[in-house]
Structures are given as structure tokens and as C-alpha cells.
1. Select from the stretch 69-94 the residues that are of a type outside the set (Val, Ile, Thr), part of a helix (DSSP H, G or I) and within 17 Å of residue 105 (Cα to Cα) and list them in ascending order.
2. Which one of 65, 50, 59 is in contact with a Lys or Arg (Cβ under 9 Å, 6 or more places away or on another chain), without any contact (Cβ under 8 Å) to a residue 60 or more places away in the chain and either under 18 Å from residue 107 (Cβ atoms) or part of a helix (DSSP H, G or I) (or both)?
3. Filter the stretch 21-45 down to residues that are open to solvent by 30 Å² or more (accessible area, probe 1.4 Å) and of a type in the set (A, V, I, L, M, F, W, C) and give me whichever is nearest to residue 132 (Cα to Cα).
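The values are calculated or read from the model by the stated rules, or taken from the named source; none is laboratory data. Worth saying up front: this structure is predicted, and the values here are computed from it rather than measured. Glycine gets a Cβ as well: all are built from the backbone with ideal geometry, and neighbour counts include every protein chain shown. Side chains included, ligands, DNA and RNA excluded: accessible areas come from the protein's heavy atoms. Shrake-Rupley method; radii C 1.70, N 1.55, O 1.52, S 1.80 Å.
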Amino acid sequence: MKVFISHAYTDESFVRKVAAGLEKVGLEVWDATREILPGDNWADKISQALQESEAMVVLLTPDALRSSSVRWEIEYALGQQGYRERLIPVLVGNPEELPKEDVPWILRRLHMIDMGEYAEEEEGINQIAQVLLEAA
């Protein structure tokens, strides 16, 4: 299964950890931090990746919630039958900086993973992988 990771660019270090964890269990991961090179047409690359992917993990941070790109990627996934049951919102960071009420209502209705509920990042990443593998 090809997984698109939607995120704010300020969260690149965490994105790399999530991508590595998902690849470790055999998932193919598309993430802009590795796939878009200087000079590439950013919009074309993102559009192609969204069309080719079968699932989306949305890393919800305060910066991601303010990002029009992340919002657009979520809207795309919500409108595509292929992403049904495969759009996974993930709350990342301090709950005081990102209260669940700030998350769009439609994402709160999905199977949301709260990274703050896990003692270690790796446990949370494993939970993301498990949800994706069950949806495959």
C-alpha cells in the first residue's frame, strides 16, 4: 500500500521517523521531504502522489492546522473513494498547543491516533502502521 504523509514542513524531522517506521513494516511511503527536489513543480508532484496513493496519514500539529496545503490534501482525500477508511489523523505534540477542539470536526470522526497517549514515539508509529495494515 502506498501511503501519503500530509504535514507541515516545519515537522520534517518527525515525518522522517514516521516514514521509516511505516517502511519498516513494508508500506511504501510518499513524503514531500524526500520526493520533491529543487526545481520540481511542487503542485504537480503533490497531485500525482495523491492520485497514486491508497492511504493518507495526516500529522496534525499547530503548523499543520494552519497550512492551506495540508487542508487541501485532506479535502482531496475526503473526496476520494480510494481513501475511504484509510485517512488517518495523528495528533502530534503538546495537547495544550493542539486541543482536540481545534481539529476539524470531520477528522475527529475518523480513527484518530493521539501520539501523546504513547510512552514512546515508536509505540505511536507502530499504532499508525497497524491501523494502515488493517485497512489494506
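1. Hits for the stretch 69-94 are 71, 72, 73, 75, 76, 77, 78.
2. 65
3. 25
Quick grid of which residues meet (1) surrounded by fewer than 18 Cβ atoms within 10 Å (Cβ to Cβ); (2) over 16 Å from the mean Cα position of the chain (by Cα); (3) of a type in the set (A, V, I, L, M):
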position: 71; (1), (2), (3): yes, no, no
position: 75; (1), (2), (3): yes, no, no
position: 81; (1), (2), (3): yes, yes, no
position: 84; (1), (2), (3): yes, no, no
position: 89; (1), (2), (3): no, no, no
position: 95; (1), (2), (3): yes, yes, no
position: 100; (1), (2), (3): yes, yes, no
position: 105; (1), (2), (3): yes, yes, no
